[in-house]
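**Q** Have a look at this one.
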Amino acid sequence: MANIKAFKAVRPREDMASKIAALPYDVYNRFEAKEVVKGDNDSFLRIDRPETQFDDSQDMYAPEVYAKGKAMLEEMIADKRYIKDQDNAYYIYQLTMNGRAQNGIVACASIDDYLNGVIKKHENTREEKEQDRIRHVDTLSAQTGPIFLAYRHNETIADVVAKTEKEAPLYDFTSDDDITHRVWKISNEADVLAISKAFNDMSAIYIADGHHRCASAVKVGLKRREENPDYDGSEEFNYFLSVLFPDSELMIMPYNRVVKDLNGLTFDEFIAKVSLHFTVEKSGEEPSPKNKGEFFAYYDNSWYKIKAKSDIINNDPVKGLDVSLLQDYIFDPILGIKDPRTDDRVDFVGGIRGTDELVKRSKSDMCMGFSMYPTSIAELFSVADASLLMPPKSTWFEPKLRSGIFIHEI
């Protein structure tokens, strides 16, 4: 049973939403973030990445950096760029990209559901990546970047969403990347109860994106419990900000790869080794795989279609993933890339950048690009249900949720 609850949101004034909304903090490196916010006093990226307000010599993880983020948020609330809703509500966050819309329920999810496995993960997290967001959430006493969760399609929720979207939205704007963002508020008591019950009847919710942010929010909640030993479970620190989407509306893009060298092999030697488990042919077709078990590789101005032979097709939730086939039969045994998390001979290219980026990288700092078939949401669910973990960089979700549209105070 999933404990998903309505909450009192802190959110932008209507005329400020498009100015405040920002891409997630981890989309940018430090230099890029500083460039984005230069001369912009409204972008939420200033608060998500408060080191942008300091000289480059400043330790970006120092206490005064997080304190600056807190001060800027308090300033935006004080001057009414943000408003505080006084009633517990759900919100619909609709993102439309290339004519395809996905409708998420903005809500708070229970840290206990994360701890007991009702909220299922498919990636491990790294402590050092969590620490920054732990300090950020704890200092601001607020969660500012929602966790992207997924659930199996539910008719009750779909009906409430369809009914609510006949009303005028709170926000309706198109961001610079041509994504349209619309928000509706669900505060009708019957609708709030219907949504709560629908989620309560679900045995599992899945983290689609934001594993590190989720783990950080949970650890802050546990820290607050230690600091407040008389807590009763109803306190806001027991919950974390989320947007929950039905699986029927989600699209996962491929997470492509580029490699720096062929591990001392000539191209012909490389192809000979690959051909033990794959068919390989030069290709003039669009280099985007149409089926599982297919890859396209770019090398020396040509694309090659690589297709897995039947002997390596696997029904195991993890070993059967295309990213696993590539790693287990090409990257590891042939290219000597044992751990793609740490090996600088491999890099990852989000599917949103297209195959042209693979060509560009292969002609500049790398030598070969691999165009992947995307992991499906069903595969993600299967891995999580089996309490297994995906290889790194298995999924690329688009469009990205904006930060700063919803804030959950803890």
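Bear in mind these aren't lab numbers, they're just calculated from the coordinates by the rules spelled out. These numbers were taken from a predicted model, which means no experiment stands behind them. With ideal geometry, Cβ positions are generated from the backbone for all residues, glycine too; neighbour counts draw on all protein chains shown.
**Q** Go ahead and estimate [θ] at 222 nm for the chain from helices alone: -39,500 (n - 2.57) per DSSP H run with n ≥ 4, summed, over the residue count, rounded to 500.
**A** Helices in the chain give a 222 nm mean residue ellipticity of -8500 deg cm²/dmol.
**Q** Taking a ≥ b ≥ c as the square roots of the Cα gyration tensor eigenvalues, with a/c under 1.5 meaning rounded and otherwise prolate when a/b beats b/c, else oblate, which class fits the stretch 145-227?
**A** Verdict is oblate for the stretch 145-227.
**Q** May I ask you to order 143-150, 357-364 by the average number of other C-beta atoms within 10 Å around their residues, highest value first?
**A** Highest-to-lowest ranking by the protection proxy: 143-150, 357-364.
**Q** Turning to a different aspect of this structure: Need one word for the stretch 43-102: rounded, prolate or oblate. Basis is the Cα gyration tensor (sqrt eigenvalues a ≥ b ≥ c); a/c below 1.5 gives rounded, then a/b vs b/c decides. Can you show the working numbers first?
**A** Numbers: a/c = 3.09, a/b = 1.56, b/c = 1.99.
It is oblate, given that a/c is not under 1.5 and a/b is not larger than b/c.
**Q** Given +1 on the Cβ of Lys and Arg, -1 on the Cβ of Asp and Glu, and no further charges, what dipole in debye does the stretch 255-373 carry about its Cα centre, rounded to the nearest 20? List each step's numbers first, then the result.
**A** Working: 17 positive and 20 negative charges, 33 e Å.
I would put it at about 160 debye.
**Q** Ok, one more. Of Phe267, Pro289, Met253, which is farthest on the positive side of the dipole of the stretch 166-305, counting Cα position, with +1 on Lys and Arg Cβ, -1 on Asp and Glu Cβ, and the Cα centre as origin?
**A** Phe267
**Q** Using just the alpha carbons, could you tell me how many Å³ per residue the convex hull of the chain encloses?
**A** 153
**Q** Next question. Restricting attention to the stretch 137-177, which trypsin sites (Lys or Arg not before Pro) occupy a DSSP loop and are surrounded by at most 12 other Cβ atoms within 10 Å?
**A** Hits after loop and neighbour filter: Lys166.
**Q** Also, quick follow-up: Would you be so kind as to identify which of Cys214, Thr164, Tyr329 lies farthest towards the positive end of the dipole of the chain, taking Lys and Arg as +1 and Asp and Glu as -1 on Cβ and the Cα centre as origin?
**A** After comparing all options, I get Tyr329.
**Q** Based on the mean of other Cβ atoms within 10 Å per residue, sort peptides 236-249, 312-325 so the most packed one is first.
**A** Those peptides, ordered most packed to least, come out 236-249, 312-325.
**Q** Straight-line reach from Lys5: which lysines have Cα under 27 Å away, leaving out those fewer than 8 places along the same chain?
**A** In chain and number order, the partners are Lys70, Lys80, Lys84, Lys120, Lys121, Lys163, Lys166, Lys185, Lys197, Lys219, Lys223, Lys400.
**Q** Please state the charge dipole magnitude for the chain, taken about the Cα centre, from unit charges on C-beta atoms (+1 on K and R, -1 on D and E), reported in debye and rounded to the nearest 20. Mind dumping the intermediate values first?
**A** Working: 53 positive and 70 negative charges, 74 e Å.
For the chain, the charge dipole is close to 360 debye.
**Q** Could I ask something else about it? With unit charges on the beta carbons (Lys and Arg positive, Asp and Glu negative) and the dipole taken about the Cα centre of the stretch 38-182, which residue among Pro50, Tyr82, Ser110 sits farthest to the positive side?
**A** Farthest along the dipole direction, towards plus: Ser110.
**Q** Next up: For the stretch 255-373, what does the alpha-carbon gyration tensor say about shape, rounded, prolate or oblate, given a ≥ b ≥ c as the root eigenvalues, a/c under 1.5 as rounded, and a/b over b/c as prolate?
**A** rounded
**Q** Alpha carbon centre of the stretch 127-149 versus the stretch 350-370: separation in Å?
**A** That distance is 32 Å.
**Q** If you don't mind, there's one more thing I want to ask. Work out from phi, with θ = phi - 60° and the Karplus expression 6.51 cos²θ - 1.76 cosθ + 1.60, the ³J(HN,Hα) of each residue of the stretch 373-383, listed in order in whole Hz, and give x for Gly and Pro.
**A** 8, x, 5, 8, 5, 5, 5, 4, 4, 5, 5
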